[in-house]
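Colleague: One structure, pasted below without further comment.
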Amino acid sequence: MRSLFLKIFLSYWMAQALFLVLAILITVAMRERGESAIWDAQQAAVLIKAVRAYEQGGEAEVRRYLDEVRESQHVRAYLLDEQGQSISGRDLPRWAESVGKGISPPARDFWQRLMPTPFRRQGLVASSGHRYQLVAFLPPSGPFGPAGVPGLSILIGIISSGLVCYLLARYLTSPVVRLRAATRRLAAGDLTARAGGMTDRRRDEMAQLVRDFDTMAERLEESVNAQSRLLNDISHELRSPLARLNVASALVRQRSGPEAHSALERIDLEADRLNNLIGGLLTIARLESGSDSRQKASILLGEMIEGIAADADFEAQVRNCGVKSVIKDDCRVTGVDSLLYSAIENVVRNAARYTHAGTNAEISLERGQGKTGAEAVIRVVDSGPGVPGDALDKLFRPFYRIDDARGRQTGGAGLGLAIAERAVRLHGGSVKAANRPQGGLQIEIRLPLSVADADQNQAGVAEAKSEPNPVAEIRPQTDPVETGSPHLK
């Protein structure tokens, strides 16, 4: 039982139900003993009146009197003569015959075993010299008999206690549930997540914990937003002097001699790198803030990936490398075309840059099933040196670099994978990096399929399960389509 709600609810309910049942049993047992003591005190008087009624009015009179006793005290009583025969005007039941002989009948149920015996016998010698005895059976014992507590009352009591315990358990655990949901949203990157609400009217420790969490989340959101605004402002401020630097460089190039061209080209190169760095910072700031308002549209990933692979393959020929695309299933997603293109291109160019000379990087596309439904799965693999295991989770941090094979000599600023991860996350997807057993790095991108494509995928799966295709049984299986660079064909 892992649920805190169930633990609290069942514990309180069992305690309440046990308390209720014990209270009823003790109350009934004490009442039973009290009623028995009362009858024992009255039994002698009842016997004397019954004998007097018999001697004065016969069996009819004693029968009338014992019927009154039964109606008023719920006690079944019989008057016997010296031979043990009934003189009450009624036939003796078996228990009365046994009690008259001094034999107590056995208990009929568990409750009668716990309680005092309900059978009574008392003798009397009248003034006439005749011997009489009175046998009686007290009201049925037990909590569920006519003189006890009705079973419906206990059922109502248990249900009522269960309702109270349910409300109490829900009252105690509801802040924990909201706190857990807000923590998950905050961990997923939603800085607006808050756990408050109904706890505003509460003043207990759980409400204080929720308010402390909301205060922490609010300060965290303010800190991250301030950092993002600072990064955005600095990037914008750097654009103006950088533009002036480019203009000044062009003017100096026109007025200087050939001997200054090499230095000016170096200035232009560093200015371009700085310009790309600023553009990357602005992109990250925009994606982190969620303020990218570009309109989303339906995108065919197969066509996009083939175009990216062709461009990257052409550029990789300088290092005697290649980039292949394998489209197993064409997928349609909803998103910003340019943003997704840039994200996938950054990952593919990264793979083409670090794959060993003479090898190929590969990008594949297929359908997959995720936790939330059908997904497009894009895998980009290379045959490079890979990365240390402890660095896999850090690859998507801005400016993160590895000192060896993936160092600064590649010319990047460490923003490409960071931009890719944030762009994919903005589209509801995820990015994961892992080292391949045969060497190299694999980056997996998962994007949710558009609604129409996901429905078509589910319908196709259901149809494939329900109706076997006889043509597929005799048609030879073909390999997935592979598209390399058009310049090599």
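The values are calculated or read from the model by the stated rules, or taken from the named source; none is laboratory data. All figures in this text were calculated on a predicted structure; none of them were measured in a lab. With ideal geometry, Cβ positions are generated from the backbone for all residues, glycine too; neighbour counts draw on all protein chains shown. Side chains included, ligands, DNA and RNA excluded: accessible areas come from the protein's heavy atoms. Shrake-Rupley method; radii C 1.70, N 1.55, O 1.52, S 1.80 Å.
Colleague: Are there any pairs, at least 6 apart or on different chains, whose C-beta atoms fall under 6 Å, with the first in the range 311-325 and assigned to a strand (DSSP E or B) and the second β-branched (Val, Ile, Thr) and surrounded by 15 or more Cβ atoms within 10 Å (Cβ to Cβ), and if so, which?
Modeller: Short answer, once both residue conditions are applied: 325/305; 325/363; 325/483.
Colleague: Okay, moving on. What pairs can you find where one residue is in the range 164-191 and basic (Lys, Arg), the other is surrounded by 14 or more Cβ atoms within 10 Å (Cβ to Cβ), and their Cβ atoms are less than 6 Å apart, with a gap of 6+ or different chains?
Modeller: Within 6 Å, the pairs are 178/195; 185/193.
Colleague: Here is a further query. For residue 386, indicate whether it is part of a loop (DSSP other than H, G, I, E, B) and either open to solvent by less than 60 Å² (accessible area, probe 1.4 Å) or of a type outside the set (Lys, Arg) (or both). Don't jump to the end; show me each part of the working.
Modeller: Numbers: part of a loop (DSSP other than H, G, I, E, B): yes; either open to solvent by less than 60 Å² (accessible area, probe 1.4 Å) or of a type outside the set (Lys, Arg) (or both): yes.
So residue 386 passes the test.
Colleague: Further question on the same structure: Within the range 64-72, identify whether any single residue is modelled with pLDDT of 80 or more and in contact with an Asp or Glu (Cβ under 7 Å, 6 or more places away or on another chain), and answer yes or no.
Modeller: There is no residue in the range 64-72 that is modelled with pLDDT of 80 or more and in contact with an Asp or Glu (Cβ under 7 Å, 6 or more places away or on another chain).
Colleague: Quick check on the range 108-128. Is at least one of its residues open to solvent by 80 Å² or more (accessible area, probe 1.4 Å), assigned to a loop (DSSP other than H, G, I, E, B), at pLDDT 80 or above and not aromatic (Phe, Trp, Tyr)?
Modeller: Checked the range 108-128: no residue is open to solvent by 80 Å² or more (accessible area, probe 1.4 Å), assigned to a loop (DSSP other than H, G, I, E, B), at pLDDT 80 or above and not aromatic (Phe, Trp, Tyr).
Colleague: Name the residue, out of 153, 161, 98, that is assigned to a helix (DSSP H, G or I), at pLDDT below 80 and surrounded by 15 or more Cβ atoms within 10 Å (Cβ to Cβ). Steps first, please.
Modeller: Details: 153 fails: surrounded by 15 or more Cβ atoms within 10 Å (Cβ to Cβ); 98 fails: at pLDDT below 80.
When all the criteria are applied, what remains is 161.
Colleague: A follow-up question, please. Let me confirm something: among 53, 41, 60, which residue is at pLDDT 80 or above, exposed (fewer than 13 other Cβ atoms within 10 Å of the Cβ) and among the small types (Gly, Ala, Ser)? Walk me through it before giving the result.
Modeller: Working: 53 fails: exposed (fewer than 13 other Cβ atoms within 10 Å of the Cβ); 41 fails: at pLDDT 80 or above.
It is 60.
Colleague: Can you name the number of the only condition in (1) modelled with pLDDT of 80 or more; (2) open to solvent by less than 80 Å² (accessible area, probe 1.4 Å) that residue 148 fails?
Modeller: (1)
Colleague: Ok, one more. Could you count how many residues in the range 50-91 are closer than 18 Å to residue 137 by Cβ and assigned to a helix (DSSP H, G or I)?
Modeller: Of the residues in that region, 12 qualify.
Colleague: What residue, of 18, 47, 22, 10, is modelled with pLDDT of 75 or more, in a helix (DSSP H, G or I) and either open to solvent by 80 Å² or more (accessible area, probe 1.4 Å) or in contact with an Asp or Glu (Cβ under 7 Å, 6 or more places away or on another chain) (or both)?
Modeller: On the way: 47 fails: either open to solvent by 80 Å² or more (accessible area, probe 1.4 Å) or in contact with an Asp or Glu (Cβ under 7 Å, 6 or more places away or on another chain) (or both); 22 fails: modelled with pLDDT of 75 or more; 10 fails: either open to solvent by 80 Å² or more (accessible area, probe 1.4 Å) or in contact with an Asp or Glu (Cβ under 7 Å, 6 or more places away or on another chain) (or both).
On inspection, the qualifying residue turns out to be 18.
Colleague: In the range 74-86, how many residues are surrounded by fewer than 18 Cβ atoms within 10 Å (Cβ to Cβ) and without any contact (Cβ under 8 Å) to a residue 60 or more places away in the chain?
Modeller: Of the residues in the range 74-86, 5 are surrounded by fewer than 18 Cβ atoms within 10 Å (Cβ to Cβ) and without any contact (Cβ under 8 Å) to a residue 60 or more places away in the chain.
Colleague: Kindly indicate the residue of the range 190-220 that is part of a helix (DSSP H, G or I), open to solvent by less than 80 Å² (accessible area, probe 1.4 Å) and modelled with pLDDT of 85 or more and also nearest to residue 283 (Cα to Cα) among those meeting that condition.
Modeller: So the first thing to find is which residues in the range 190-220 are part of a helix (DSSP H, G or I), and the list is 198-201, 205-220.
From what's left, open to solvent by less than 80 Å² (accessible area, probe 1.4 Å): 199, 206-207, 210-211, 213-215, 217, 220.
Then drop every residue that is not modelled with pLDDT of 85 or more, which leaves 210-211, 213-215, 217, 220.
Values: 210: 34, 211: 34, 213: 30, 214: 29, 215: 29, 217: 25, 220: 21 Å.
If we take residues in the range 190-220 being part of a helix (DSSP H, G or I), open to solvent by less than 80 Å² (accessible area, probe 1.4 Å) and modelled with pLDDT of 85 or more, then 220 is nearest to residue 283 (Cα to Cα).
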